[in-house]
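Structure record follows, encoded as structure tokens.
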């Protein structure tokens, strides 16, 4: 597997190649408008920003638990730039949004692409400076961590409000933003737990065991918080019973497969980690933590499908290929962490 | 913190002495302060009696604004309570050691604030003597309460919250009460002996104690979130513009912790100065709690922005009109004042020097208290004053009984807190000992 | 042999405790008193984990079931449609059930704690047993060992 450790120049080429492949798939190879690219962006941006945000949040709160895992999680930060660039190509798919047909100050094609890509770019730049400062142990790393977290919250909020929620314009739910950045954080913790568990399968180290335990502990906490937010959103809409508002859920809850997807999401993102990680022993079991963490990532995917699929179709085959490409990209970046972080130092 | 050269026993004894000194010999100024607070409390209670005798008409609330200062006060005091639980339970679970110097007074604050808050629904009821109708019990009317009503959820949430925080406070205090018992004499010794339940500090007691404390913390954390969520749903369950929005639960929870943390600062800073506890409550501790304040302030600001922006994004006429009304309508001064106190001023805490300036923190905390009270007032009143039907619009101005009862509740809260500082150990002695030994 | 030792400092106390356990004194006969919880001592004496958690579990489950039972049963007892919601409106009842889970869980854990640690102790209330800031080891039934 050491062949997967690439130098920065090579990495850039691979990233560009994968990016070009995805763009080709989106523009040339498949016809008809679908939400593949949106799903790829919405899902992978959470997985890429999440790990960096976890480290930054731990830095702010002086949490030492993350230390042995710092490099492994920070290595994904250049991919924020990848997402920023890939996002621009959403311009060719913009007609998936129904609001393109109306005149709206905030929701206009150019402004939509512009603000989101700029924000992602900003997030990348802040992440870059933060990673440098953090690995060198500079004194301004705290400030940079705060700035990065702010940009993270803003981008993930826009992922929620702009990318996903506007599919159902003029439906609004103010809770969408908090749910999405919490979920991105959730993904970051799951990735941290997965990396820790894989490391432990190779060789046992007390430090890494603690990282896995703490990641699992936080996942347990976030499962509860996620349930609170999701329930809080549902309850307000259910209770208010306003037709234009309840429509969002009634469409999704009265038809298969969306109904089943919703129950599945609640099970995977709340009940399963909650019950699965409640005991002390379970947080130390490598295989079990792996199962829970992977299922959480799967749950996040299903949740995004649950939002997107009722509005626009997806092309299953191409989606699988795109996801495989993105997974390969993540693994390559993880493998090449020494090179990447040397470059930033 | 413990100086390195100091022996453990020596440190522990000086710690006990310093903290128990605070319990001794109240000076006349203390009694004067208690008297002033009790005076306000009495005026408030008398006004309540007056309101009961005369009827709710003496208060400014009427159609269309049926929820005014009383409900504002209720939400405000429940909010104050929250940071007590945050500091003692959430930070305990996060193993944040700086909580040890704040938790006792924060928990006391929680208990007193919930007591104060609990009065307001009763005051607001009008026929206060029928308050027990809120509880589900078999009765000759053969009726049950409406479990779909957010107000009934409130009954369950707030009473559970009071019970659990009181237990949490007391459990953590028993070992410290045993220390007070050791130093006391006469009738005081008797009282503290009973209160400390015959604590000996045996292995068995500590073992169960540690477990219980952990479980209570684990219970209190989701509880505190649920309580203010339920309070927020009193509003969000309706369809009134400005109230019916999904973010309300986390937004209120963050706001509650924000205001409560400010109140902790308001209470602890004078307490520290008066009892000369600077040795234990250091600038570093304040620095950290100021960060909590800043963090929650940013969340609250985020919610303000989201709420405001989405009202215009969605293009719903009533939502748009409502948020414009907040910013430029009858209550605009309160609104801008609120933004200044809650969003703008706390941003200064990004500056490390100001976080470590105790006087500045104290003044800031007063502003935040005011700002958070205004926030609840703006949310509650402005939504009711202008909802859908122009025929149903109106402006609400509080009348003197509402002001008097509000002042009375402050009197009650501060009176209880003052009495607490003289009756019970104000710092968690055992926890500081444990921390120092590590 | 002395059967009562007291120390000013934690590490000396732990040292002695370890020595005693190694020398073959049955852990059941050792009573210790400390000014704050000392988890290392629990490890040395190999005490079983506290049974408080049993009470917590039972309390929480009772609260949860009771919460749902109370809300559902009272709603069915007088089936009146409120606000266009179903008679048994689970999303709304979750809140009451949740609060009661915590209430019962907390209160029953507290009762369990009092029971398990034998508090309040009337004897010790009338004549308090004080150890100050000392770490005390007390060995019982020396002869019967």
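Only one of B:300, B:292, B:306 is in contact with a helix residue (DSSP H, G or I) (Cβ under 9 Å, 6 or more places away or on another chain), buried (at least 18 other Cβ atoms within 10 Å of the Cβ) and more than 11 Å from chain A (Cβ to nearest Cβ); which? Steps first, please.
Numbers: B:292 fails: more than 11 Å from chain A (Cβ to nearest Cβ); B:306 fails: more than 11 Å from chain A (Cβ to nearest Cβ).
None of the other options fit; the residue is B:300.
Consider the range C:101-115. How many of its residues are crowded, with 19+ Cβ neighbours inside 10 Å and either under 9 Å from residue B:148 (Cα atoms) or within 7 Å of chain B (Cβ to nearest Cβ) (or both)? Within the range C:101-115, residues that are crowded, with 19+ Cβ neighbours inside 10 Å and either under 9 Å from residue B:148 (Cα atoms) or within 7 Å of chain B (Cβ to nearest Cβ) (or both) number 7. Looking across the range C:1-52, the residues that are more than 7 Å from every other protein chain (Cβ to nearest Cβ), modelled with pLDDT of 85 or more and in a loop (DSSP other than H, G, I, E, B) come down to C:38, C:51. Selection within the range B:233-248: residues that are within 11 Å of chain C (Cβ to nearest Cβ) and crowded, with 24+ Cβ neighbours inside 10 Å. The member of this set that is nearest to residue C:102 (Cα to Cα) is B:233.
Quick one: which residue in A:263, A:231 is more than 14 Å from chain B (Cβ to nearest Cβ) and either surrounded by fewer than 20 Cβ atoms within 10 Å (Cβ to Cβ) or in a loop (DSSP other than H, G, I, E, B) (or both)?
When all the criteria are applied, what remains is A:263.
Residues in the range B:51-64 that are surrounded by 15 or more Cβ atoms within 10 Å (Cβ to Cβ) and either under 10 Å from residue B:401 (Cβ atoms) or within 25 Å of the chain's Cα centre (by Cα) (or both): B:51, B:56, B:58, B:59, B:60, B:61. Among residues of the range A:165-181 being assigned to a helix (DSSP H, G or I) and surrounded by fewer than 20 Cβ atoms within 10 Å (Cβ to Cβ), the one that is farthest from the other protein chains (Cβ to nearest Cβ) is A:167.
Screening residue B:145 with (1) touching a residue at least 12 places away in the same chain (Cβ under 8 Å); (2) in a helix (DSSP H, G or I) gives one miss only, at (2). Just one of the listed residues (A:242, A:271) is within 14 Å of chain B (Cβ to nearest Cβ), surrounded by fewer than 22 Cβ atoms within 10 Å (Cβ to Cβ) and either free of Cβ contacts under 8 Å to residues at least 12 places away in the same chain or closer than 30 Å to residue B:149 by Cα (or both), and it is A:242.
Going by what's in this entry, would residue B:280 be described as under 28 Å from residue B:105 (Cα atoms) and not in a helix (DSSP H, G or I)?
Details: under 28 Å from residue B:105 (Cα atoms): yes; not in a helix (DSSP H, G or I): yes.
For residue B:280, the condition - under 28 Å from residue B:105 (Cα atoms) and not in a helix (DSSP H, G or I) - is met.
For the range C:71-91, taking the residues that are in contact (Cβ under 8 Å) with a residue 12 or more places away in the chain and facing another protein chain (nearest Cβ under 7 Å), the one that is nearest to the chain's Cα centre (by Cα) is identified as C:71. Residues being farther than 24 Å from residue A:315 by Cα and surrounded by fewer than 17 Cβ atoms within 10 Å (Cβ to Cβ) are entirely absent from the range A:18-38.
Of the residues making up the range B:148-170, those that are crowded, with 18+ Cβ neighbours inside 10 Å and either in contact (Cβ under 8 Å) with a residue 40 or more places away in the chain or within 26 Å of the chain's Cα centre (by Cα) (or both) number 16.
Pairing each residue of the range C:104-117 that is in contact (Cβ under 8 Å) with a residue 40 or more places away in the chain with any residue that is not in a helix (DSSP H, G or I), provided the two are 6+ apart or on different chains, yields C-beta distances under 8 Å for C:112/C:51; C:113/C:119; C:116/C:50; C:116/C:51.
Which of the residues that make up the range B:139-158 are within 10 Å of chain C (Cβ to nearest Cβ), out of contact with any helix residue (DSSP H, G or I) (no Cβ under 8 Å at 6 or more places or on another chain) and at negative phi? If the condition is that a residue be within 10 Å of chain C (Cβ to nearest Cβ), out of contact with any helix residue (DSSP H, G or I) (no Cβ under 8 Å at 6 or more places or on another chain) and at negative phi, then B:143, B:149 are the ones that fit.
Residues that are in a helix (DSSP H, G or I) and either more than 7 Å from every other protein chain (Cβ to nearest Cβ) or more than 22 Å from residue C:6 (Cβ to Cβ) (or both) within the range B:194-209 comprise B:194, B:195, B:208, listed in sequence order. The set of residues in the range B:171-188 being free of Cβ contacts under 8 Å to residues at least 12 places away in the same chain and within 8 Å of chain C (Cβ to nearest Cβ) consists of B:182 alone.
Residue C:63 passes every criterion in (1) surrounded by 15 or more Cβ atoms within 10 Å (Cβ to Cβ); (2) modelled with pLDDT under 95; (3) more than 9 Å from chain B (Cβ to nearest Cβ); (4) in a helix (DSSP H, G or I) apart from (2). When restricted to residues that are within 15 Å of residue B:122 (Cβ to Cβ) and touching a helix residue (DSSP H, G or I) at 6+ places or on another chain (Cβ under 8 Å), the range B:51-60 contains 3.
Only one entry of B:427, B:374, B:384, B:407 meets the criterion of being part of a helix (DSSP H, G or I), surrounded by 21 or more Cβ atoms within 10 Å (Cβ to Cβ) and in contact with a helix residue (DSSP H, G or I) (Cβ under 6 Å, 6 or more places away or on another chain), and that entry is B:374.
Of the residues making up the range B:211-232, those that are facing chain A (nearest Cβ under 7 Å) and surrounded by 23 or more Cβ atoms within 10 Å (Cβ to Cβ) are B:225, B:229. Has the range B:7-24 got any residue that is within 14 Å of chain C (Cβ to nearest Cβ), surrounded by fewer than 13 Cβ atoms within 10 Å (Cβ to Cβ) and outside any helix (DSSP H, G or I)? Checking the range B:7-24: at least one residue is within 14 Å of chain C (Cβ to nearest Cβ), surrounded by fewer than 13 Cβ atoms within 10 Å (Cβ to Cβ) and outside any helix (DSSP H, G or I).
The values are calculated or read from the model by the stated rules, or taken from the named source; none is laboratory data. No experiment lies behind these values; they were computed from the predicted model shown. Backbone-built Cβ (ideal geometry, glycine too); neighbour counts: all protein chains shown.
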